[in-house]
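The values are calculated or read from the model by the stated rules, or taken from the named source; none is laboratory data. Computed from a predicted structure; not experimentally measured. Cβ placement follows ideal geometry from the backbone for every residue including glycine, while neighbour counts extend to all protein chains displayed.
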2 protein chains.
Amino acid sequence: MIKCTKCQLADSVMRAGFVRGRQRYQCKACNFHFTDEKPLAVPERKRRQTTISDVAKALGVAPSTVSRALNGHSDISATTRQAIIEVARQLDYHPNLLAQSLKSSETYTIGVVIPDIERPFFATAISGIQQVAAEAGYRVMICQSKESYATEVSNVQALIASRVDGLLICHSRETENFDHVKPQACRGVPVIHFDRVSNEVDSAKVILDDWNGAFQVTEHLIEQGARRIAILAGPESLLISRNRLAGYLSAIQKYKLPILDELRAHIDFRTESAVAALDAWLALPNPPDAIFAINYVNAFDLLIALKARHIRVPEEVAVVGFGDEFMASMIEPGLTTVNLHPYRIGQQAARLFLEQIQQKEQFQPRTFVITGDLVVRQSSLKGKGPASFFKLNI
Amino acid sequence: MIKCTKCQLADSVMRAGFVRGRQRYQCKACNFHFTDEKPLAVPERKRRQTTISDVAKALGVAPSTVSRALNGHSDISATTRQAIIEVARQLDYHPNLLAQSLKSSETYTIGVVIPDIERPFFATAISGIQQVAAEAGYRVMICQSKESYATEVSNVQALIASRVDGLLICHSRETENFDHVKPQACRGVPVIHFDRVSNEVDSAKVILDDWNGAFQVTEHLIEQGARRIAILAGPESLLISRNRLAGYLSAIQKYKLPILDELRAHIDFRTESAVAALDAWLALPNPPDAIFAINYVNAFDLLIALKARHIRVPEEVAVVGFGDEFMASMIEPGLTTVNLHPYRIGQQAARLFLEQIQQKEQFQPRTFVITGDLVVRQSSLKGKGPASFFKLNI
DNA sequence: AGCGTTTCCGGTAACGTTGCCGATAGTTTT
DNA sequence: AAAACTATCGGCAACGTTACCGGAAACGCT
């Protein structure tokens, strides 16, 4: 006979359904429901790390006392504190950051969204972010959008859901809608943009001066004696493409050279497109004597294609790129480029985040502009201008 | 006159010290302590995200009911569930992953420790890790040791403290003590090693077959007609250095070529050291006709130094490297290397982690060996062997 | 001694979520 | 119609931590 677990009576107990795999009973006397088999009492105790309560129990003090001792709080005697610290050490206690974060709603984690970590520019930028973040005690969680808008959105949402303290983002090429990084979508989490930014969002930004960099390389080519400078630009819709084109045009205008439309190509950055543009230029009655590729990979494409066509660089055609990766110094001839300082960009983005965290509501979003440096190598040295006396970066 | 906040009497109240910046009183009647100024009642309500209780209150149901509805639990009616889902959507509710993690002690986060994210090998490996992790719903937290043992240890501890579900690590060069990745130090968190592993720890590992790769390139050089093959190895203490040397020696022995000690150099991977070793070889009465650099950066160093010395590659000296980065195809001449498949290594490490999570105690640590593929380019094509008919990877 | 003060520790609640179980109304079976 | 059952929902507790405050003993001063 089944006895009620509450009033211990057996007569008044009757069955009351079968629920969650167990027979259920109801005591008519005390009106109490219960199931027969008592819980299996967690046969296999889940492997737990030492908690503050374990330390407290070991010493016979309250958990809050242990917390105070370990956090250097004042309301505690020196002897008690020493004892607690010692026991905590013995038990190998480490605070549970999850619980701390839940309590304080600070995770000390920064979320970073980039298009592709395999591209040296972003890898270096992340390194810069991490250096600054680590010094301030922040961890970094990295997501790649792989240039997909949908992935970017889901990355941002996942990071926000993880309650990161801030979000550093460089948008994918596909991204045209920026609702997912707006304040209401990010629920007050500070968002810092770098490299590819959006003017739709009122946030702190770190951008590079595309106009200036393009102006520098173009001016350098002109100083080297180039007069018919072609530009291998990207899609006209892309902001970086427009800015670099503008810098190029400004330099041309400054030196009162003619602007030749047949020497401007907008491509999609694929190698085949770059080579096709090159061949079109070479077929002109008056081929260019210099080419500015606004993308360093396409600059490599050009160098290789030119070599295959037995056209000497820089004597017949000078070539300059944009973005000074390790490879630019490795290829033969060395590629003249603009060093975009990705490490600094990352550092600066992280610093802006720290600033925003510190100043809270007082923080005024501002845009930080990183200016690239011209790095002259052989690919542009036609030797007719003063730049040939620059120290070479081989 | 001050009244006791409990019994409302004023006569029995007397001052009882000054604590935490506020005057304190004690009621003699009811023996109750209190301070005068009541707490400022959080003047600025901390910006909170919508919680499950907010949704519950909006509908007049219990929080647990909301939880059940949102998690697709069964004990709920379809109408209630729909209403809850709708309100949750309206209030823009997103579950707090911190609270979920605290409750479930699962963070769905993998910690990754690598020496340097800027090195293409690791950037690609991380990409592989992330792809597999993301598909399984895991996030990735990345730390760089920058080849420092101390940094590595602190990274590991920080990740463990963050309660990551698993740890994927490639040790720094400095690391000789592996206590920080042993089970007791990691408190049961699964640890997977990749690339640079330790045999001291009984963990799942993904390694690349250094011996086989070295054997392949050396055999290739021999087939190309090389007979005096030098090896530019790393420090003798380094495992990869020893393994690649062994593969090299095995190939030499297989073809019954003499092992020449003067053609073996152990360097510290710096460019100057590589060039010094090269010059020493060139000064020999019988210089080598091929060089195997066990590190791709040093292979580049050699190509550049040889070019500066007007020594033709591969005619006079063939050069092969190890690790097929993007640059190997860009440099002139293209560098023959072994593709180590870093992406696969990352994928495999992540898969081993998932396996271990799934199988729990039943998981048997195993070592996964990734075999590299020979990638032939111009730098090794002396044209005397069958390999010259290989399809070139330009 | 009497009163006010300081020191130090314990208890409670809350962060947000979910598992477990009890309660209740309505429905079906005997 | 009583007994047995089902479908739903509410409440409690716990994950680990810490802020806040009350209690009590020790201390200091007149």
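The table below lists the values:
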read-out	value
Where B:Ile2 falls short, out of the listed (1) at pLDDT below 90; (2) within 13 Å of DNA strand C (Cβ to nearest atom); (3) out of contact with any Asp or Glu (no Cβ under 8 Å at 6 or more places or on another chain)	(3)
Total residues in the stretch A:273-301, condition among the acidic types (Asp, Glu) and either closer than 20 Å to A:Ser237 by Cα or not assigned by TED's automatic domain parsing to the domain that holds A:Arg242 (or both)	0
Residue identified as in contact (Cβ under 8 Å) with a residue 24 or more places away in the chain and over 41 Å from the mean Cα position of the chain (by Cα) among A:Ala78, A:Ala83, A:Ala62, A:Ala88	A:Ala83
Failed criterion for A:His180 (all others in (1) within 14 Å of chain B (Cβ to nearest Cβ); (2) at pLDDT below 90; (3) more than 16 Å from the chain's Cα centre (by Cα) hold)	(3)
Flag for A:Val338 being outside any loop (DSSP other than H, G, I, E, B) and modelled with pLDDT of 90 or more	yes
Unmet criterion (only one of (1) modelled with pLDDT of 90 or more; (2) more than 41 Å from the chain's Cα centre (by Cα); (3) part of a loop (DSSP other than H, G, I, E, B)) for A:His94	(2)
Hits in the stretch A:63-74 (condition: within 14 Å of chain B (Cβ to nearest Cβ) and either surrounded by 12 or more Cβ atoms within 10 Å (Cβ to Cβ) or near DNA strand D (Cβ under 6 Å from one of its atoms) (or both))	A:Arg68, A:Leu70, A:His73
Tabulated pairs, the stretch B:264-293, first basic (Lys, Arg), second buried (at least 16 other Cβ atoms within 10 Å of the Cβ), C-beta under 8 angstrom, 6+ apart or interchain	B:Arg264/B:Ala230; B:Arg264/B:Ile231; B:Arg264/B:Ala233; B:Arg264/B:Leu245
Residues that are on the phi > 0 side of the Ramachandran plot and more than 9 Å from DNA strand D (Cβ to nearest atom), drawn from the stretch B:3-32	B:Gln8, B:Gly21
Within the stretch B:101-110, considering residues that are buried (at least 16 other Cβ atoms within 10 Å of the Cβ) and free of Cβ contacts under 8 Å to residues at least 60 places away in the same chain, the one nearest to the other protein chains (Cβ to nearest Cβ)	B:Leu102
Answer residue from the stretch A:132-145, given it is within 13 Å of the chain's Cα centre (by Cα) and within 9 Å of chain B (Cβ to nearest Cβ) and is farthest from B:Ile160 (Cα to Cα) among those	A:Gln144
Conditions (1) assigned to a helix (DSSP H, G or I); (2) away from every other protein chain (no Cβ under 11 Å); (3) more than 23 Å from B:Leu91 (Cα to Cα): number failed by A:Val156	(3)
Odd one out for B:Leu70 among (1) touching a Lys or Arg at 6+ places or on another chain (Cβ under 9 Å); (2) closer than 30 Å to A:Ile117 by Cα; (3) within 7 Å of DNA strand C (Cβ to nearest atom)	(2)
